[in-house]
Amino acid sequence: MAIQILENVALAPMTTMRVGGDARFFARVGGIEELSEAVLWAQRKGLPIFILGGGANTLVSQDGFVGLVIKIEMKGISYDGNRVTVEAGEWWDDVVCDIVAHDLWGVENLSLIPGTVGGAVVQNIGAYGAEICNTIFSVEALDIEKMQIKTFLQAKCEFGYRESIFKKNKNLVVLRVTLELKNDGVPNTEYEDVKKYFENKNIEAPSLQEIREAIVAIRTAKMPAPPLGTAGSFFKNPVVDMTTYETLKKEFPEIKAYMQGDNTVKLSAAWLIDHVGGWRGYRKGDAGVHEKQALILVNYGNASAEEMLSLAHEIKNNIKEKTNVTLEEEVVML
Ligand SMILES: Cc1cc2nc3c(=O)[nH]c(=O)nc-3n(C[C@H](O)[C@H](O)[C@H](O)COP(=O)(O)OP(=O)(O)OC[C@H]3O[C@@H](n4cnc5c(N)ncnc54)[C@H](O)[C@@H]3O)c2cc1C
């Protein structure tokens, strides 16, 4: 066998949350052949499989994983006009940097989001008024049940808010993605923080590079910098119907919410956790809620997976009790 299957490998250092136990079996794959080999090896042994990218949105349990963790390390980026094809194991922000350097618009607002290209597609990453799905032309994936490579055009990817067909169907492993970008893009500066950034600098029509710089600066100022352990937003912003929103608005007139245009309303989970729950800056041992971003749970050093999960449950129960709104985890639990 060409690939190496390792045993009892610590997963915490491979995730940004830095908690949790070992993978019973572990393999790094740099290509489709290695991936197929690893999958067939696990299938022969009847072991479950977990696909790991950059570990920036995964919380590993204290017990670790009994099956085979396959770490996606396929690399490569190629340009064909305004279409860019990127392998799933590329680091997303390196790709954004490269695309901006090629003067192509569309992903600049998604600068500095940690993780791989595969993870970005699975989670349909979004930030500062942009979502990766809006630039995707197609996604190539391996169906590990049928051992077949399939190509999904954008419309078939079932993208939604932090959702995709690849997230729903665990048999699909993203191999590569083709992005369709714009040669003459329009700056996407509608998002409040971005608008303010350019107003303060007196820049009316920022260049592509300036937008990337703005996003990097805004994110760096807001987000916890290493060595804190986080997985980004822990919960999704809950979407509720108009009646629920109006009832909540009576009780919490300041509630932060975004109309969806389909009679539903997206509530700011950060606002609920901060203003309804009062959790921002809370800390119990090494598990806490970030002092600037209430949606970010932080492992300040040696928190265990259980401590992080129990904090998440406490927050969830508290918000449910006070608002009857159920927070759903954005972070993937392993
Ligand atoms: C500080 C910080 C800031 C963040 N900010 C944002 C943000 O602004 N917006 C946002 O949307 N997210 C944000 N995140 C979350 C995270 O960056 C994204 O979800 C990212 O896309 C995760 O990629 P990953 O490769 O690390 O995925 P992992 O954590 O490795 O995996 C996530 C899920 O995707 C699956 N997966 C990974 N690769 C593949 C593949 N090739 N094929 C099939 N399945 C796969 C895994 O099985 C798992 O279910 C942030 C995280 C951190 C730590």
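The values are calculated or read from the model by the stated rules, or taken from the named source; none is laboratory data. Because the structure is a prediction, the values reported are computed rather than measured. Ideal geometry is used to build each Cβ from the backbone, glycine not excepted, and the neighbour counts take in all protein chains shown.
Structure values in brief
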item	result
Residue that is surrounded by the fewest Cβ atoms within 10 Å (Cβ to Cβ), among those in region 164-195 that are at pLDDT below 95 and charged (D, E, K, R)	D184
Close pairs from region 163-191: first among the small types (G, A, S), partner near the ligand (Cβ under 9 Å from one of its atoms), Cβ under 7 Å, at least 6 apart	S164/V121; S164/V122; S164/N124
Among residues of region 304-334, those that are assigned to a loop (DSSP other than H, G, I, E, B) and within 15 Å of the ligand (Cβ to nearest atom), counted	4
I273, sole failed condition from (1) surrounded by 13 or more Cβ atoms within 10 Å (Cβ to Cβ); (2) among the β-branched types (V, I, T); (3) modelled with pLDDT under 95; (4) more than 15 Å from the ligand (Cβ to nearest atom)	(3)
Residue that is surrounded by the fewest Cβ atoms within 10 Å (Cβ to Cβ) [pool: residues in region 210-224 that are closer than 10 Å to V194 by Cα and within 12 Å of the ligand (Cβ to nearest atom)]	I218
Exclusive hit being within 13 Å of the ligand (Cβ to nearest atom), surrounded by fewer than 18 Cβ atoms within 10 Å (Cβ to Cβ) and either of a type outside the set (S, T, N, Q) or not assigned by TED's automatic domain parsing to the domain that holds S207 (or both), set G118, G30, G55	G30
Output for region 80-103, where each listed residue is free of Cβ contacts under 8 Å to residues at least 40 places away in the same chain and in contact with a Ser or Thr (Cβ under 8 Å, 6 or more places away or on another chain)	E90, W91, W92, D93
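To keep it simple, each residue is scored yes or no on (1) within 12 Å of the ligand (Cβ to nearest atom); (2) in a loop (DSSP other than H, G, I, E, B).
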{"site": "I3", "(1), (2)": "no, yes"}
{"site": "P13", "(1), (2)": "no, no"}
{"site": "S36", "(1), (2)": "no, no"}
{"site": "W41", "(1), (2)": "no, no"}
{"site": "F50", "(1), (2)": "yes, no"}
{"site": "S61", "(1), (2)": "no, yes"}
